[in-house]
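Input: a single structure, listed below in structure tokens.
The values are calculated or read from the model by the stated rules, or taken from the named source; none is laboratory data. Note that this is a predicted model, so its numbers are computed, not measured. All Cβ positions, glycine included, derive from the backbone under ideal geometry; neighbour counts span all protein chains shown.
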Amino acid sequence: MTEPIIVVGHKKPDNDAISAAIGYAYLKNAVAKRDAAEGEKPPTYEPVRLGPLPPETEQILKQAQIPAPRLIDNVYPRVSAVMEDRLVTVSTTETLADAARELNRQGGELAIVVDANGDYVGAVTPLTIAARAIEAADGAEGAFDVPVAEAIDGSVGTVAPTDLVRDIEEDLEASASRADVVLDGRKPLGIVVHSDLQDVPRRRVILVDHNEVRQAVDGLADAEVVEIVDHHRIGDVSTANPIKFLGLPIGSSSTIVALEFDREGIEIPDSIARILLGALMTDTVILKSPTATPTDERVAERLAGIIGADPTEYGLSVFRMRGGDADMPIEELVGADSKEFPLGDDTVLIAQHETVDLQTVLGRESEIRAELDRLIAEHGYRFALLMVTDILAEGSQFIAQGDRSVVNKAFGIECTGEGGTWMPGVLSRKKQVAAKVLAL
Ligand SMILES: [Mn+2]
């Protein structure tokens, strides 16, 4: 049974990890279909994910009418990969003699007994038959004339095609029959025999947006990585064979996927362009991140052209889907990215919140000040400063509580208890803010 090749991003997936997986699986399926020889069945590729959809991904997928990738938690080999689908079946109305005859004729480890609906009742094993043969040889009359249902071997287990081989191995080894019946609900699909577990085919996996084992799906060591598409540093995933390893130091894995469509000469449909552009924009913070390259800009233009949108406008709409700024708990908005710094004998707190919607954040100024006051009271900071960084406008609004004179002196400003102060060009807490305060 050939299983689809899995295309998977990292654990705790972000928009790029999921979108690149969907886009790349789409491309691979299109290329496989195009390149398949006549009458040959092309391999299939399935995008999957290792965690919940980020809110913006959920909305873009809905708009693009693309189903969410299946959630998985490992790539250990499954029963479906080792199952034998030849079945020797007998009906409950038949006798043990009929079962023995069928097993003898077709060969096999088990005769599967099904009821009138085709539902699984049990299995008859060669062991049962051998025991009866001895009884018959010893002179027992009609040892084989019993209804097959009375000769069922209770030691035969049942498993599901999705069960993991590693979970069934031990029981199968220990069982007298050394064979399990694979059931889909109550319908028998096949059998799995202990000797089939000697050489279990590995699941084939394409990694996108990561190439480090600790970020990767569980069971990777028991799988076969067949390709990697990534824009991070080269990590520690190693392979037994040469593979296609597409690594580029650019803004997003989705950018690389878009470039691959062009290289393969496959048209990017509107739906795929939407998710790739969305991921390109979130990963590069609307092309403002230092990781964004001219290639990302060019690809963003091209994808935006396909969906008939302005790249920046589309990027902003994706960031708005993330929501958050209006309804994020205030402790999170202020505290999620906050750092303490020593200042003489005191400690100060400098927090940062990045946004594409400054006005919404500033609309919560009184809540922000109350939260800063609470943190000062709790930890005894000399002051607490929140930098609300507007990524697009490329500057930060300073909101400070506590001893503002230190902040005012460091920056030559007059930050008050109301409105805060706009600091154009100030984006880096470490280089542009903490350094100045600590230099006092
Ligand atoms: Mn990424």
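Overview of values
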| quantity | calculated |
| --- | --- |
| Condition met for Val229 (within 16 Å of the ligand (Cβ to nearest atom) and under 27 Å from the mean Cα position of the chain (by Cα)) | yes |
| Single unsatisfied condition, Gly323 versus (1) within 26 Å of the chain's Cα centre (by Cα); (2) crowded, with 21+ Cβ neighbours inside 10 Å | (2) |
| Members of the range 279-312 found to be assigned to a loop (DSSP other than H, G, I, E, B), within 11 Å of Thr255 (Cβ to Cβ) and modelled with pLDDT of 95 or more, listed by number | Thr293 |
| Which listed residue, of Ala30, Ala68, Ala99, is within 27 Å of the chain's Cα centre (by Cα) and assigned to a helix (DSSP H, G or I) | Ala30 |
| Residue tally, condition hydroxyl-bearing (Ser, Thr, Tyr), crowded, with 24+ Cβ neighbours inside 10 Å and either in the same structural domain as Thr162 (by TED's automatic domain parsing) or more than 10 Å from the ligand (Cβ to nearest atom) (or both), over the range 1-31 | 1 |
| Every residue from the range 115-133 that is modelled with pLDDT of 90 or more, surrounded by fewer than 19 Cβ atoms within 10 Å (Cβ to Cβ) and of a type outside the set (D, E, K, R) | Ala116, Asn117, Gly118, Val121 |
| Sole residue being away from the ligand (no atom under 13 Å from the Cβ), farther than 15 Å from Gly23 by Cβ, surrounded by 15 or more Cβ atoms within 10 Å (Cβ to Cβ) and of a type in the set (A, V, I, L, M, F, W, C), chosen from Leu220, Leu259 | Leu220 |
| Matching entry among Ala410, Ala377 (being buried (at least 16 other Cβ atoms within 10 Å of the Cβ) and either at pLDDT below 90 or over 36 Å from the mean Cα position of the chain (by Cα) (or both)) | Ala410 |
